[in-house]
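Before any comments, here is the structure.
Each value in this text was obtained by applying a stated rule to the coordinates, not by laboratory testing. In this text, all values refer to a predicted model and were calculated from it rather than measured experimentally. Here the Cβ positions follow ideal geometry from the backbone for every residue, glycine too, while neighbour counts run over all protein chains shown.
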Amino acid sequence: MADDISDISSYYDNHVEMESNRLQRHQQERDITWRYFDKYLPPRGNILEIGSATGAYTIPLAKKGYNITAVDLSPKNVEACQKRVAEAGLENKVKCVCADGRDLSPVKQRNFDVVLLMGPLYHLVEQKDREKAVLEAYRRLKLGGLIFSAFVSRYGIWGNLMTTLPLLIERQEDLRSVMKEGKDAVVPAGGFRGYFATTREIAPLHEKAGFKTLVLAGVEPANTVADGAYAGLEGERKQQWLDLLFAISTEPSLIGACDHLLYIGAKEGK
């Protein structure tokens, strides 16, 4: 029986505004991800964005000229994304779809240049479901097409949680479960049911589907405790720090200590 992830849809339905502002709060993640987009995306093409949320990447990518099929599990996120697309006058560049990343049957196109899988793998706690989501993405890419997949790191989250939710340390059963299995033992009603990945599992997950690994990076090399300091930088000084952070984002000794991980792979023939 498939895992019921309606609670995840409900979680995002109830946190639309928070999701809209998330990347403004986490600018290291946003800016380093954009550096990888700028380096690896083709100059034009069709992008399937799975986990588009309210359009933080959708809108600027469409403004750059890409055609986007934006998919999200949360109906309210889809509604918010559609509203932003309309406000930007991008209806001819973006199609918004409500669907589960494990079943992309509503998406008929099979020759996308790029898939952005930038959210579902945060929440699919069953291995078979993560495999299914990656395979669904693979099937919709043309040969040579690229996938960008995002993960929450099992060993990089603790500094952020100690800062924002210090009482979590009292939930010892959950902490042991996260460390051993990558998921909470018990998730409170309305809470964040997440999957927390290790670096060693990410490339094999994609390679099993047929991808060739290009990059595995950590997108907060200074850790999220530095997000406030980074956000306060301006101009050339901010760009210089971003240059440094991007340069060290693939350093193996740092990757697993980041909150969020980014995988980039290419579809090989199969």
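If the condition is being under 19 Å from residue 133 (Cβ atoms) and surrounded by fewer than 15 Cβ atoms within 10 Å (Cβ to Cβ), then segment 76-107 contributes 103, 105, 106. For segment 181-200, which residues satisfy the criterion of being part of a helix (DSSP H, G or I) and more than 15 Å from residue 262 (Cβ to Cβ)? Within segment 181-200, 181, 200 qualify. The C-beta contact set for segment 30-50 (first residue touching a residue at least 12 places away in the same chain (Cβ under 8 Å) and farther than 17 Å from residue 70 by Cα, second residue part of a helix (DSSP H, G or I) and aliphatic (A, V, I, L, M), distance under 7 angstrom, 6+ apart or interchain) comprises 30/23; 31/242; 32/245. Considering only segment 155-167, state which residues are in contact (Cβ under 8 Å) with a residue 40 or more places away in the chain and touching a helix residue (DSSP H, G or I) at 6+ places or on another chain (Cβ under 7 Å). Result: 159, 160, 163. Note on segment 108-135: among residues that are touching a Leu at 6+ places or on another chain (Cβ under 8 Å) and in a strand (DSSP E or B), the one that is surrounded by the fewest Cβ atoms within 10 Å (Cβ to Cβ) is 113. Under the condition of being surrounded by fewer than 23 Cβ atoms within 10 Å (Cβ to Cβ) and among the β-branched types (Val, Ile, Thr), the residues counted in segment 136-149 number 0.
Residues that are of a type in the set (A, V, I, L, M) and either part of a loop (DSSP other than H, G, I, E, B) or over 28 Å from residue 124 (Cβ atoms) (or both) do occur in segment 201-224. The single condition among (1) assigned to a helix (DSSP H, G or I); (2) touching a residue at least 24 places away in the same chain (Cβ under 8 Å) that residue 21 does not meet is (2).
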